[in-house]
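Below: the structure, in structure tokens.
Please treat every number below as a calculation from the coordinates, not as lab data. Since the structure is predicted, the reported quantities are computational estimates derived from the model, not experimental observations. Every residue, glycine among them, receives a Cβ derived from its backbone with ideal geometry; neighbour counts consider all protein chains shown.
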Amino acid sequence: MKSKETKHVVPHDFRPGQERFRAEVLGGLRKPQKELPSKYFYDEHGSHLFERICTLEEYYIPRTEAAIMEAYIKEMVELIGARVLLIEYGSGNCAKVRILLDHLRDPVAYVPIDLSREQLLRVTKDLASNYPRLEVLPVCADYTSGFELPMPKRPSNRVVVYFPGSTIGNFDPIPAMNFLEHIARVCGPGGALLIGVDLKKDPTVHHRAYNDSEGVTAAFNLNLLQRVNRQLDCDFQLEWFEHYAFYNPTEGRVEMHIVSLREQTVHLGDVTIPFAKGESIWTESSYKFNLDEFKQMAAAAGLRVEHVWTDEQQWFSVQYLVS
Ligand code: AVI
């Protein structure tokens with residue numbers, strides 16, 4: 001008979017297949033402003049690079065969010081209450097959720113949702129041994145598309161979605177609002193969302209965060225082309241492309257692009273993709289908010305901001321929203 005741990009680490013698998021990956025890459029590269037979806041950054045190597053970004057001095061988000069969580073965890077778990085079903089979108093290495101798991105009162109189950117199956121398998125195994133009473137129900141999926149949530153064995157008092165790291169900033173405004181609406185539906189009446197939201201600040205701070213001195217963000221960005229080469233029979237020549245990131249104050253977002261350093265042609269299977277010198281592929285947007293902007297977007301999605309915690313400099317916020 002299989003051990004309890006072995007049973008826990010088999011994720012429900014709803015990963016987008018190779019066909020969808022190819023269709024989305026081709027669709028993006030055929031647009032007048034070429035683009036690639038940022039969700040594809042996170043293959044094994046990309047996830048590893050992202051973990052390194054999270055340790056960089058310039059990338060203030062993880063440490064600022066962690067400090068807010070540590071300072072106010074008691075207030076947070078008080079609001080969340082006992083016996084909740086906790087769902088995390090884009091759980092990554094599941095490092096951030098541990099502070100919640102350490103303090104929540106008798107959580108019924110934890111559902112980490114992520115695209116990286118390897119990472120999910122690894123962290124789910126660790127969680128099962130660190131939190132033996134907790135039912136861990138991993139789901140391997142693109143959380144922006146529809147999939148079924150697993151049912152925990154025990155009934156819960158409330159469904160709480162945890163969405164840290166300001167990943168909401170990687171959605172454009174309308175999709176962000178739609179996604180919050182989707183979360184409100186998942187939580188149901190009486191449910192809640194605990195979300196990390198990056199705030200607008202001095203643009204030079206934004207700029208440094210996405211142009212680090214060690215070039216890790218550049219490697220993270222360019223790894224997307226390497227992934228496309230590896231998985232889709234493509235021939236991007238990495239030395240002829242360059243990372244480019246800047247803060248766009250009109251739109252309130254950091255834009256990451258990959259710029260072609262010369263006129264060139266790339267082949268994806270039998271499809272030819274021409275690049276002019278200086279032409280870019282837009283790979284990511286990271287929207288930054290002020291508290292009122294976020295409140296309004298949440299309200300349009302049917303969520304009410306019940307509490308906001310910030311750091312002293314007001315660089316980042318953790319917010320508790322109820323449906
Ligand atoms: C995951 N996401 C919130 C990060 C961000 O800041 O937009 C991804 C990232 N891109 C470059 N550095 C970090």
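Charge dipole (Cα centre; +1 on Lys/Arg Cβ, -1 on Asp/Glu Cβ; no other charges) of the chain amounts to roughly 1080 debye. Dipole magnitude for the range 94-133: about 20 debye, using +1 per Lys or Arg Cβ and -1 per Asp or Glu Cβ, origin at the Cα centre. In terms of its alpha-carbon gyration tensor, the range 157-237 comes out oblate; a/c meets the 1.5 threshold, while b/c is at least as large as a/b. Gain on full extension, evaluated as 0.36 nm per residue between R230 and R122 minus their Cα-Cα distance, stands at 36.5 nm. Among the GluC sites (Glu not before Pro) in the range 46-136, those placed in a DSSP loop whose Cβ has at most 15 other Cβ atoms within 10 Å are E57. A cut-off under 12 angstrom between Cβ atoms defines the neighbours of W240, and their net charge, with Lys, Arg +1 and Asp, Glu -1, is -3. The value given for the chain is a Kirkwood hydrodynamic radius of 20.6 Å, derived from the mean inverse Cα-Cα separation. Extension gain for R304 to H103 (0.36 nm times residue separation, less C-alpha to C-alpha distance): 70.0 nm.
Couplings 3J(HN,Hα) of the range 215-231, computed from phi: x, 6, 5, 4, 5, 4, 5, 6, 4, 4, 5, 4, 5, 4, 4, 5, 9 Hz, in residue order, whole Hz [Karplus 6.51 cos²θ - 1.76 cosθ + 1.60, θ = phi - 60°; x for Gly and Pro].
Of K34/K200; K201/K295; K39/K153; K39/K295; K96/K288; K125/K153, which ones are farther than 22 Å apart at the Cα?
Those over the limit are K34/K200; K39/K153; K39/K295.
The calculated 222 nm mean residue ellipticity attributable to helices in the chain amounts to -11000 deg cm²/dmol, summing -39500 (n - 2.57) over DSSP H runs of n ≥ 4 and dividing by all residues.
Each of the peptides 189-200, 300-311 was scored by the mean count of other Cβ atoms within 10 Å over its residues; in descending order, highest first, they stand as 189-200, 300-311. The angle between the Cα long axis of helix 44-53 and the main principal axis of the chain comes to about 80°, on a 0 to 90 degree scale. The convex hull of the Cα atoms of the range 37-189, projected and averaged over all directions, covers 9.3 nm².
Between helix 291-300 and the chain there is an angle of about 80 degrees, using the helix long axis and the longest principal axis of the Cα atoms. Along the axis of the charge dipole computed for the chain (Cβ charges of +1 for Lys and Arg, -1 for Asp and Glu, origin at the Cα centre), the listed residues L180, T55, L199 are led at the positive end by L180. Simple spin-label estimate for E214 and E70 gives 1.9 nm between the two label positions (7 Å along the Cα-to-Cβ direction from each Cα). Counted by Cβ distance under 15 Å from E214, the other residues give a net charge of -2, where Lys and Arg count +1 and Asp and Glu count -1. Only Lys, Arg, Asp and Glu carry charge here, each on its Cβ (+1 for the first two, -1 for the last two); on that basis the range 135-280 has a dipole of about 680 debye about its Cα centre.
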